[in-house]
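> Below you'll find the structure I mean.
The values are calculated or read from the model by the stated rules, or taken from the named source; none is laboratory data. Bear in mind that the values here come from a model prediction, so they are computed numbers and not experimental data. Using ideal geometry, Cβ is built from the backbone for each residue, glycine included, and neighbour counts are taken over all protein chains shown.
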Amino acid sequence: MNSDTNLYSKLPKVDQILANEKINELSKNSPRETVTEIIREVLSELRELISNKRVTLEELDYRIDSIIEDIEYRVKISLRPRLRKVINGTGVVVHTNLGRSLINEEIMDYVTEIGSNYNNLEFNLENGTRGSRYSHIEDIICKITGAEAALVVNNNAAAVVLVLSSIAKGKEVIVSRGELVEIGGSFRIPEVMEQSGATLVDVGTTNKTHLLDYKKFIGENTAALMKVHTSNYRILGFTESVTLEELVDLGSKSDLPVIEDLGSGVLIDLSKYGLQYEPTVQESIRAGVDVVTFSGDKLLGGPQAGIIIGNKKYIDMMKKHPLNRAFRVDKFTISALEATLRLYLSEDTAINKIPTLRMLTMSQKELASKAEKLFFEIEQKSLDGLTLRIADDYSQVGGGSMPLEQIPTKCIMLHSDEISVTLLEKGLRSYNVPIITRIFKDRLYIDLRTVEEYDFDAIAEGLKYVFDIFSKECSK
């Protein structure tokens, strides 16, 4: 081992590196402060290696020879946006961690036009006076759902808080104990209700609630009856619950509004397309529910939003509530939601053009065709030691919707004798366009249901990238 002094002396100065032709060019297209900061960071790491006697002369020479490429790479990474496109190979269609529902390109073109130009967000073009941002979407929501009035806020948790704050603050709301769900991220119905200022009265048991349970607890301080659709779990076996129609009838006789949190927001009966039955928003309105809330970015297939529909009397109360301003949506959400809802004017158009619905209803024939194309693209890379085949498996709906639904799908199943499945998964996740996969029984799966064909080349290149890195590591 050489002396530390000799090793330190081999390190280039910051000014020397800045004078390098490649770094000089890099500084023209990147903030010079960022480039300088990263140069100092790289040199500091090398000094630390020397100080801790963790580098030989040969290793140090290798690192110094590649220092320019290292700096270029780090600058590129540091300037890359944190929120990035990923390829979803998990087969979970409404993947909360990966952004939930996709918005189709035509709608995004419209959102870009609205966002990059002035628009009539709160301007009435007919009479030249101030307008309401909700006027752009209320009519079409009511047309599709059959509701009397509608309001949109930034997510469904906000929708529930606004509804309860407007109708039941300081009073009691009766809910079945079996419907006290957690709706994700530790947000639970009892806590949401507490934040709204309403008092929860839970009735019945986890697996059984009868109409009599609601009747027994109706009193002078009761403000509403509430039903929460358990979209993210199921209780099977010895169970009983009160139907929507029964609860609406009880509410009518007791002069109490009925609130329903539907969660997923299904606007089309998906059982016609081979999926399990999920109650639709329209059915709740037809049953006479006074206020219904649901998400915009789950099975509806639009942007994140909380949609509130129902009796105009109650919706008007919410529009005037101070929390409405805190929860209001912007031009991007309104434009994306309006454009998505317009596709629902034709069921066929909605199924074919809303990515979430298109993926959920994709045929086995189309999935098999996609699998064969991706298999061929990967095979063309001739990756030594990689075993792949087309496998049958199951996709999931995701987003807390239809938890028991297993949708038959086609996957590319991968295995390597040279690279562990965990390293293979990590390598794909580290690629320039991160590829998110799933692991099952020491095999890596890429589910074709959630992968678009225009990403096939990126997946094949990503696998090549992983194998190239592994071969370099082995050659050291």
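> Could you tell me which residue of region 374-393 is farthest from residue 156 (Cα to Cα), considering only residues that are touching an Asp or Glu at 6+ places or on another chain (Cβ under 9 Å) and surrounded by 12 or more Cβ atoms within 10 Å (Cβ to Cβ)?
385
Conditions (1) over 30 Å from residue 264 (Cβ atoms); (2) in contact with a Ser or Thr (Cβ under 9 Å, 6 or more places away or on another chain), marked per residue:
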{"site": "356", "(1), (2)": "no, yes"}
{"site": "359", "(1), (2)": "no, yes"}
{"site": "378", "(1), (2)": "yes, no"}
{"site": "385", "(1), (2)": "yes, yes"}
{"site": "400", "(1), (2)": "no, yes"}
{"site": "404", "(1), (2)": "no, no"}
{"site": "408", "(1), (2)": "no, yes"}
{"site": "420", "(1), (2)": "yes, no"}
{"site": "425", "(1), (2)": "no, yes"}
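> Within the set of pairs 6 or more residues apart or between chains, which connect a residue that is closer than 11 Å to residue 425 by Cβ inside region 435-464 to a residue that is among the basic types (Lys, Arg) with Cβ atoms less than 6 Å apart?
Sorted first by the residue in region 435-464, then by its partner, the pairs are 445/438.
> Here's something else I'd like to know. Looking for something within 30 Å of residue 455 (Cα to Cα), touching a helix residue (DSSP H, G or I) at 6+ places or on another chain (Cβ under 6 Å) and either among the basic types (Lys, Arg) or part of a loop (DSSP other than H, G, I, E, B) (or both) - is there at least one such residue anywhere in region 64-74?
The answer is yes, given that some residue of region 64-74 is within 30 Å of residue 455 (Cα to Cα), touching a helix residue (DSSP H, G or I) at 6+ places or on another chain (Cβ under 6 Å) and either among the basic types (Lys, Arg) or part of a loop (DSSP other than H, G, I, E, B) (or both).
> Looking only at region 379-389, decide whether some residue is touching a residue at least 60 places away in the same chain (Cβ under 8 Å), in a helix (DSSP H, G or I) and not assigned by TED's automatic domain parsing to the domain that holds residue 118.
The answer is no; no qualifying residue exists.
> Consider region 110-149. How many of its residues are free of Cβ contacts under 8 Å to residues at least 24 places away in the same chain, part of a loop (DSSP other than H, G, I, E, B) and hydrophobic (A, V, I, L, M, F, W, C)?
Result for region 110-149: 1.
> Which condition number in (1) surrounded by 11 or more Cβ atoms within 10 Å (Cβ to Cβ); (2) free of Cβ contacts under 8 Å to residues at least 40 places away in the same chain; (3) not in a helix (DSSP H, G or I) is the one that residue 90 fails?
Only one criterion in (1) surrounded by 11 or more Cβ atoms within 10 Å (Cβ to Cβ); (2) free of Cβ contacts under 8 Å to residues at least 40 places away in the same chain; (3) not in a helix (DSSP H, G or I) is unmet by residue 90, namely (2).
> Surrounded by 13 or more Cβ atoms within 10 Å (Cβ to Cβ), in contact (Cβ under 8 Å) with a residue 40 or more places away in the chain and more than 30 Å from residue 272 (Cβ to Cβ): is that true of residue 360 in this structure? First the steps, then the outcome.
Values: surrounded by 13 or more Cβ atoms within 10 Å (Cβ to Cβ): yes; in contact (Cβ under 8 Å) with a residue 40 or more places away in the chain: yes; more than 30 Å from residue 272 (Cβ to Cβ): no.
So residue 360 fails the test.
> Sticking with this one: Which of the residues belonging to region 449-468 are over 21 Å from residue 382 (Cα atoms) and of a type outside the set (Lys, Arg)?
The answer is 450, 451, 452.
> Any residue in region 312-328 that is under 22 Å from residue 271 (Cα atoms) and crowded, with 22+ Cβ neighbours inside 10 Å?
No.
> Which one of the conditions (1) under 14 Å from residue 68 (Cβ atoms); (2) in contact (Cβ under 8 Å) with a residue 40 or more places away in the chain; (3) assigned to a helix (DSSP H, G or I) does residue 12 fail to meet, given that it meets all the rest?
(3)
> Within 21 Å of the chain's Cα centre (by Cα), buried (at least 19 other Cβ atoms within 10 Å of the Cβ), closer than 16 Å to residue 258 by Cα and touching a residue at least 60 places away in the same chain (Cβ under 8 Å): does that describe residue 152?
no
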